[in-house]
Amino acid sequence: MAISSAKLFGIAKSSESMASSSPSPPQTAATLTVSALRKVNYGRRVDYCCSCRFRGVFVNSTARNWAPTSAMVRDGGESVEDRPLVRDSTENSDNEQVADKPPKVQERDFSGTAYVPVYVMLPLGVINMDCELVDPDNLLNHLKILKSVNVDGVMVDCWWGIVERHSPQQYNWSGYKRLFQIVRDLELKLQVVTSFHKCGGNIGDDVHIPLPEWVTLIGQSNPDIFFTDREGRHNPECLSWGIDKERVLRGRTAVEVYFDYMRSFRVEFDEFFEDGVISEIEIGLGPCGELRYPSYPAKHGWKYPGIGEFQCYDRYFLRSLKKAAEMRGHSFWGRGPDNAGSYNSQPHETRFFCDGGDYDSYYGRFFLNWYSQVLVDHGDRILSLANLAFEGTSIAAKISGIHWWYKTASHAAELTAGFYNPCNRDGYTPIAKMLKKHEVALNFTCVELRTLDQHEDFPEALADPEGLVWQVLNAAWDVSIPVASENALPCYDREGYNKILENAKPLNDPDGRHLSAFTYLRLSPVLMENHNFMEFERFVKRMHGEAISDPPSFSE
């Protein structure tokens, strides 16, 4: 997500994440680059730290035990600096200073707690661009291992750019059907993501799944079908919500295109719905599959902790804004802010986002109300049709965890992403209420991050992921919708799993609230290493509320 200057915080302990049952000599961190970890046999090199499921959360990794690869990107293609994925246990010397270790904390006993289902994301390259299942034998072996430790199911992206690749309404589901049959035979469940966005295509990203070819051709003659920034730069990561109701896609609106895709999926996989194999459909609602604007794309030069830019300058959005301003009685408000800085600005450097800035003026409140309402309305339209297509099936939507600048008055990075959440306004309750209207679960991705670690490495970002998590989860719980989550980065160690568990099952919650499900990122060769998988198995048991045989340990 960030590029070279931005470090990411991860949660895998070096001494544990590299332990292996293999008798081979230890490797150094320098040799364990991403190329060494891409050797899972799913047909091509796949970076398991890759884009498509680091949805919407920036995390920082300098310290504590884990460093990202050069190919770590999100769906928007934001890459990070070149570092090895995991560190070798030999890096922890005997004379390591005790002062560098966090204080020991007693591990909580989760036996007898609520059962939280655990799913595992499948590799991004499990289905190729020809919609073929890649290396099914290897996949089958891995799924059998997951089943042996009582994992509840797996998650897979069904990419629009693969299924409807060549022509409108010509769908190819063949590879997914074979995959689903394997999952069913193992008596696992499926979470399916309708991925209407582009995957990858940036530095170090070996998984590249563009939008359908026929959509790309339309975009060449009408680039306003894509989100556009103030400088007029178009972002082909996903379709602009401005064309939700515009018949610019070979006679169909974007909403109709999404609905036709969902309806085709429902018909094609009817048997998997009827026998309960498909437990949930997560609806892609924007970049990275999240309900947000693509306000911080690396392809346009964004770097953490830049505030990003508003993305409302295609002609369809501008027409909507002009109409809203005229209805408000101030036609001169029909424009985007001209003092909101650029992608890498900080709030105090702009007249719009600074304390007392124009974001809280009459015009600023009008614009931000319109901008955020467009986001809510888009979700409302797509999810209403999703309920028609998938009647009787659980549906989820993903919200991104934009926690930088959370401790400022304006919450600038959230505003440009479409979350109208300054310090004097709750921007997530309107979204939660919209989800409640459709009985849709909220999937949030920021639950394992620690505010202290963000402050250590980027104090200038004034980030507060824990505060954001508390606000968003409570906004969802207050309207009585389920809340699910994922880890943002690969996790192999007990300390990381304990953090996830604490958020999954809040201690002493008077209402007994807990996550409805947790999806682990991601099936990989590193997860399958003996020591790592033993820790994962222990984590699954605790998420299920089972007693564990080994005595509670101390986090290190």
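The values are calculated or read from the model by the stated rules, or taken from the named source; none is laboratory data. Remember, it's a predicted structure, so these values are computed and weren't measured experimentally. For neighbour counting, all protein chains shown are included, and Cβ atoms are generated from backbone atoms with ideal geometry for every residue, glycine included. What goes into the accessible areas is simple: the full protein's heavy atoms, side chains included, and nothing from ligands, DNA or RNA. Shrake-Rupley method; radii C 1.70, N 1.55, O 1.52, S 1.80 Å.
I'd like the residue in the stretch 203-234 that is among the β-branched types (V, I, T), open to solvent by 10 Å² or more (accessible area, probe 1.4 Å) and at pLDDT 95 or above and, out of all such residues, is nearest to R165 (Cα to Cα). Reasoning before the result, please.
First, the residues of the stretch 203-234 that are among the β-branched types (V, I, T): 203, 207, 209, 215-216, 218, 225, 228.
When the remaining residues are screened for being open to solvent by 10 Å² or more (accessible area, probe 1.4 Å), the result is 203, 216, 218.
Next, from what is left, pick out any that are at pLDDT 95 or above: 216, 218.
Details: T216: 10, I218: 13 Å.
Across the stretch 203-234, the extreme among qualifying residues is T216.
Considering only the stretch 121-195, give the helices (runs of 4 or more DSSP H) lying wholly within it that have at least 1 residues that are at positive phi and open to solvent by less than 50 Å² (accessible area, probe 1.4 Å).
Of the helices (runs of 4 or more DSSP H) lying wholly inside the stretch 121-195, none has at least 1 residues that are at positive phi and open to solvent by less than 50 Å² (accessible area, probe 1.4 Å).
For the stretch 524-541, give me the residue count where each residue is of a type in the set (G, A, S) and farther than 16 Å from N141 by Cα. Please lay out each step first, then the result.
Going residue by residue through the stretch 524-541, those that are of a type in the set (G, A, S) are 524.
After this cut, where a residue has to be farther than 16 Å from N141 by Cα as well, the list is none.
Count: 0.
Considering each of E529, E486, E537, E502 in turn, give the residue that is of a type outside the set (A, V, I, L, M) and over 25 Å from V126 (Cα atoms).
E502
For residues that are open to solvent by 10 Å² or more (accessible area, probe 1.4 Å) and among the basic types (K, R), scanning just the stretch 275-308, find the one that is nearest to H378 (Cα to Cα).
K299
Without any contact (Cβ under 8 Å) to a residue 40 or more places away in the chain, outside any loop (DSSP other than H, G, I, E, B) and not aromatic (F, W, Y): which single residue out of E502, E495, E537, E466 fits that description? Can you show your working first?
Numbers: E502 fails: without any contact (Cβ under 8 Å) to a residue 40 or more places away in the chain; E495 fails: without any contact (Cβ under 8 Å) to a residue 40 or more places away in the chain; E537 fails: without any contact (Cβ under 8 Å) to a residue 40 or more places away in the chain.
None of the other options fit; the residue is E466.
Determine, yes or no, whether Y343 is crowded, with 22+ Cβ neighbours inside 10 Å and either part of a loop (DSSP other than H, G, I, E, B) or modelled with pLDDT under 95 (or both). Talk me through it step by step, then tell me what you get.
Values: crowded, with 22+ Cβ neighbours inside 10 Å: no; either part of a loop (DSSP other than H, G, I, E, B) or modelled with pLDDT under 95 (or both): yes.
So Y343 fails the test.
Within the group V479, V540, which residue is of a type outside the set (D, E, K, R), surrounded by fewer than 20 Cβ atoms within 10 Å (Cβ to Cβ) and under 23 Å from S279 (Cβ atoms)? Let's see the steps before the verdict.
Values: V540 fails: surrounded by fewer than 20 Cβ atoms within 10 Å (Cβ to Cβ).
Only one candidate passes the filter, namely V479.
What's the number of the only condition in (1) of a type outside the set (K, R); (2) buried (at least 23 other Cβ atoms within 10 Å of the Cβ); (3) over 21 Å from V526 (Cβ atoms) that G200 fails to meet?
Checking G200 against (1) of a type outside the set (K, R); (2) buried (at least 23 other Cβ atoms within 10 Å of the Cβ); (3) over 21 Å from V526 (Cβ atoms), the one that fails is (3).
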